[in-house]
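Single-structure report; data block below.
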Amino acid sequence: MSDDGSIEHQEPNLSVPEVVTKYKAAADICNRALLAVIDAAKDGAKVVDLCRLGDQFINKECANIYKGKAIEKGVAFPTCVSANSIVGHFSPNSDDATALKNGDVVKIDMGCHIDGFIATQATTIVVGDAAISGKAADVIAAARTAFDAAVRLIRPGKHIADVSAPLQKVAESFGCNLVEGVMSHEMKQFVIDGSKCILNKPTPDQKVEDAEFEENEVYAVDIVVSSGEGKPRVLDEKETTVYKRALEVAYQLKMQASRAVFSLVNSAFATMPFTLRALLDEAAVQKTELKASQLKLGLVECLNHGLLHPYPVLHEKPGEVVAQIKGTVLLMPNGSSIITSAPRQVVTSEKKVEDKEILDLLATPISAKSAKKKKNKDKAAEPATEAK
């Protein structure tokens with residue numbers, strides 16, 4: 001109760017078993033969707049087909065659970081497939097012919113939600129069966145190691161301000177750089193990018209508020225590493241196809257097409273990011289008379305007045321390679337639980353972490369269960385002593 005005697009509304013969190021169940025259900029679907037996209041990511045595969053596959057898999061599997069219950073569920077972040085020097089958010093329109101080829105370093109990013117409880121993840125693969133070494137191995141190993149460090153730093157009692165420096169040390173160990181502007185966000189019900197966030201690589205122009213991590217919080221831990229300077233840029237604004245409703249902004253749109261587009265967004269994608277493809281599909285489902293050209297025109301007015309937040313396609317310099325590892329982490333009372341998972345290809349990097357503080361951090365268990373397992377393993381390894 002509040003001071004005035006009224007009952008306060010409490011946001012559902014991990015202290016409620018059903019909430020944990022929904023997070024894990026979303027993660028399970030996300031894990032299987034990712035596997036499906038990885039299996040299809042072959043030489044010659046069109047990127048738009050892979051993106052469609054991921055989204056359709058999530059929506060189909062979500063339709064099969066919690067049947068008969070009036071809850072929202074489905075794609076929480078549209079599938080993006082970004083190769084080589086593309087940093088992320090590449091989910092092209094249906095007429096795009098971009099295809100993968102052997103040797104491409106590909107980042108697959110996606111998210112699923114059940115009743116607004118979100119699981120997002122990303123992994124990096126190399127297309128084909130060739131051994132992974134050189135620049136590609138360095139960025140992938142750096143991203144994996146930085147992620148492993150991050151999940152040990154993002155835990156109750158620790159602070160946001162203490163995360164970025166160790167991550168930068170890890171990246172430097174592999175001759176790489178963290179990509180500027182990338183954040184790991186706290187997530188809440190129907191909130192994919194909460195205000196509590198970690199900026200992987202603070203700069204004089206970009207900083208975030210410090211805060212303490214607490215039990216029952218959920219984070220999308222997102223690590224993006226580049227073989228280059230890590231300063232991404234937009235090359236073509238027309239590549240942007242992923243958007244999210246800016247809930248805090250209101251504006252009376254002038255054009256009829258814009259109002260129709262905004263109505264579609266509010267009815268189908270009120271809280272989660274979506275693609276232009278999904279918006280066109282929704283227009284067809286709702287049998288609107290909007291054509292693709294009208295939809296795109298209406299989208300422009302919505303963007304111009306801040307009603308939508310764009311996720312631009314960012315690029316590194318040509319020839320550089322970018323890797324991403326992202327996972328959903330629950331800060332449980334008995335330790336952190338990483339509920340998303342992805343297979344890891346074998347990579348051979350000639351570089352490694354040698355900093356003792358980082359090595360000690362990486363040796364730290366992330367949960368009470370893993371700590372107990374490590375203790376039993378260490379005990380079993382001890383030499384037996386004679387009884388006197």
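The values are calculated or read from the model by the stated rules, or taken from the named source; none is laboratory data. Since the structure is predicted, the reported quantities are computational estimates derived from the model, not experimental observations. Glycine gets a Cβ as well: all are built from the backbone with ideal geometry, and neighbour counts include every protein chain shown. Ligands, DNA and RNA are excluded from the accessible area calculation, which covers all protein heavy atoms including side chains. Shrake-Rupley method; radii C 1.70, N 1.55, O 1.52, S 1.80 Å.
For the stretch 108-147, which whole-number percentage of the solvent-accessible area (1.4 Å probe, protein heavy atoms only) is attributable to carbon and sulfur atoms?
48
Assuming a viscosity of 1.567 mPa s and a temperature of 4 °C, what translational diffusion coefficient in µm² per second does Stokes-Einstein assign to the chain, Rh being the Kirkwood radius over Cα pairs?
Working: Rh = 22.1 Å.
Rounded, D is 59 µm²/s.
Let me have the relative contact order for the stretch 241-311, percent, based on Cα pairs under 8 Å that are six or more residues apart.
55
For the stretch 241-311, report the translational diffusion coefficient in µm²/s to the nearest whole number, using Stokes-Einstein at 37 °C, 0.692 mPa s, and a Kirkwood Rh over Cα pairs.
Approximately 279 µm²/s, per Stokes-Einstein.
For the peptides 46-58, 30-42, what is the packing order when you average, over each peptide's residues, the other Cβ atoms within 10 Å and list the highest mean first? Write out the running numbers ahead of the final one.
On the way: 46-58: 21.8, 30-42: 18.8.
Ranking, from highest mean packing down: 46-58, 30-42.
May I ask which residue of Asn102, Asn266, Leu178 lies farthest towards the positive end of the charge dipole of the chain, with charges of +1 (Lys, Arg) and -1 (Asp, Glu) on Cβ and the Cα centre as origin?
The listed residue farthest towards the positive side: Asn102.
With a Förster radius of 41 Å, plug the Cβ-Cβ distance of Glu354 and Glu214 into 1/(1 + (r/R0)^6) and report the FRET value to the nearest 0.05.
0.80
Hey, which aspartates and glutamates would be in cross-link range of Lys254, C-alpha to C-alpha under 15 Å, not counting anything within fewer than 8 residues on its own chain?
Leaving aside aspartates and glutamates fewer than 8 places away in the same chain, those within reach of Lys254 are Glu301.
Using a Gaussian network model on the chain with a 10 Å cutoff between Cα atoms, which of Asp43, Asp115, Asp360 fluctuates the most?
Maximum fluctuation in the GNM of the chain, among the listed residues, is at Asp360.
Report the label-to-label distance for Asp193 and Glu18 in nanometres (one decimal), using points 7 Å from each Cα along the Cα→Cβ vector.
So the two model labels end up 3.1 nm from each other.
What's the longest bit of the chain with no exposed GluC sites (Glu not before Pro), using DSSP loop states and at most 11 other Cβ atoms within 10 Å as the test? It would help to have the intermediate numbers written out before the result.
Numbers: sites that count: Glu8, Glu209, Glu248, Glu289, Glu350, Glu354, Glu386.
That would be 9-208.
Highest GNM mean-square fluctuation, the chain, Cα pairs closer than 10 Å: which of Tyr243, Tyr66, Tyr311?
So, out of Tyr243, Tyr66, Tyr311, the one fluctuating most is Tyr66.
Taking the chain as a Gaussian network, Cα atoms linked when under 10 Å apart, which of Gly68, Gly116, Gly327 shows the biggest mean-square fluctuation?
Gly68
Quick check: residue separation of Ser94 and His159 times 0.36 nm, minus the Cα distance between them. What number comes out in nm? Please report the intermediate quantities before stating the final value.
Working: separation 65, 0.36 × 65 = 23.40 nm, distance 4.32 nm.
Stretched out fully, the Ser94 to His159 stretch lengthens by 19.1 nm.
How much of the calculated P(r) for the stretch 236-366 lies past 27 Å, in percent of all Cα pairs? Present the calculation step by step, with values, prior to reporting the outcome.
Working: 3967 of 8515 pairs.
The proportion of pairs with Cα distances above 27 Å equals 47 percent.
Over the chain, what is the relative contact order in whole percent, taking alpha-carbon pairs under 8 Å and six or more residues apart?
Over the chain, the number comes to 21 percent.
Remind me, relative contact order of the stretch 21-80 in percent, using alpha carbon pairs under 8 angstrom and six or more residues apart?
34
How far is helix 164-173 tilted, in degrees, relative to the longest principal axis of the Cα atoms in the chain, given as a value from 0 to 90 rounded to the nearest 10?
Between the helix axis and the principal axis of the chain, the angle is about 70 degrees.
Would you calculate the convex hull of the Cα atoms in the stretch 24-154 and tell me its volume per residue in Å³?
Once divided by residue count, the hull of the stretch 24-154 is 113 Å³.
If I fit a long axis through the Cα atoms of helix 368-381 and take the longest principal axis of the Cα atoms of the chain, what angle between them do I get, 0 to 90°, rounded to 10?
It works out to around 30 degrees.
Any chance you could give the angle, 0 to 90 degrees and rounded to 10, that helix 47-63 forms with the longest Cα principal axis of the chain?
90
Placing +1 at every Lys and Arg Cβ and -1 at every Asp and Glu Cβ, with all other atoms neutral, what dipole size does the chain have around its Cα centre, in debye to the nearest 20?
With Lys and Arg at +1 and Asp and Glu at -1, about 940 debye.
Measuring from label point to label point, each 7 Å out along Cα→Cβ, what is the Thr288 to Asn266 span in nm?
Placing both labels 7 Å along Cα→Cβ, they lie 1.2 nm apart.
Among Ala250, Ala284, Pro232, flag the residue with its Cα farthest along the positive direction of the charge dipole of the stretch 202-338, charges on Cβ as +1 for Lys/Arg and -1 for Asp/Glu.
Ala284
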